[in-house]
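The structure appears below as structure tokens.
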Amino acid sequence: MQSSYKKEYMDLAFDLSRKSPKVKEAFSVGAVIVNASNQIVATAYSRETGEYDHAEEIALLKAKRAKVNLNNCILYCTLEPCAVRKSKDKSCSEHIIESGISTIFVGAREPNLFVKQYGIEKLRESVVSVVIVEGYQALFEEVNAELLKI
Ligand SMILES: [Zn+2]
């Protein structure tokens with residue numbers, strides 16, 4: 001059984017993203033992992049556990065530590081998971097592909113500010129279903145307004 005999109009989880013991911021310690025070199029992102037019974041199994045936000053930690057990888061690590069089987073879980077993230085990453089060897093897209101998560105709901109595409117991302121394409125190539133949810137790009141830009149202002 002695969003649960004379907006629930007707005008409350010994307011809204012929660014955005015609430016979480018606002019908790020991210022602000023930095024000049026990276027966006028503030030939130031992530032929520034929900035299981036097939038529509039229960040939250042992990043939440044995270046950027047830099048929650050360390051200076052270079054991404055929300056998606058933190059959430060996946062929390063789920064892994066809790067021994068959650070991620071195969072039927074859904075990941076909600078406010079920004080497309082990274083495929084290119086300067087701070088660490090492994091990108092969030094790679095972590096997601098390895099985790100077995102098969103469905104992701106994404107709030108926003110990454111603005112071309114730091115690197116040109118292709119996380120959505122990379123995930124889709126690996127048969128992960130990626131849905132870009134309409135109506136959240138502006139909220140993402142609001143949360144990250146300090147980075148995006150010219
Ligand atoms: Zn990442």
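Every number in this text was worked out from the coordinates using simple rules, so none of it is lab data. Nothing here was measured: the structure is a model prediction, and the numbers come from that model. Virtual Cβ from ideal backbone geometry, glycine too; neighbours counted across all protein chains shown.
Computed over segment 25-125, the convex hull of the alpha-carbon atoms projects to a mean area of 5.9 nm². Here the sum of -39500 (n - 2.57) over DSSP H runs of 4 or more residues, divided by the residues of the chain, equals -8500 deg cm²/dmol at 222 nm, to the nearest 500.
Within a straight-line Cα-Cα reach of under 19 Å, Lys7 can be paired with the following aspartates and glutamates, leaving aside sequence neighbours fewer than 8 residues apart in one chain: Asp15, Glu56, Glu80, Glu134, Glu141, Glu142.
In whole angstrom, segment 68-150 maps to an equivalent ellipsoid with semi-axes of 23, 15, 10, each derived as √(5λ) from the alpha carbon gyration tensor and ordered largest first.
As a proxy for reagent exposure, Lys90, Lys64 were ordered by neighbouring Cβ count within 10 angstrom, fewest first; the result is Lys90, Lys64.
Applying both filters, DSSP loop and at most 12 other Cβ atoms within 10 Å, to the GluC sites (Glu not before Pro) of segment 57-150 gives Glu134.
Stretched out straight at 0.36 nm per residue, the stretch from Val115 to Leu139 would grow longer than its current Cα-Cα span by 6.6 nm.
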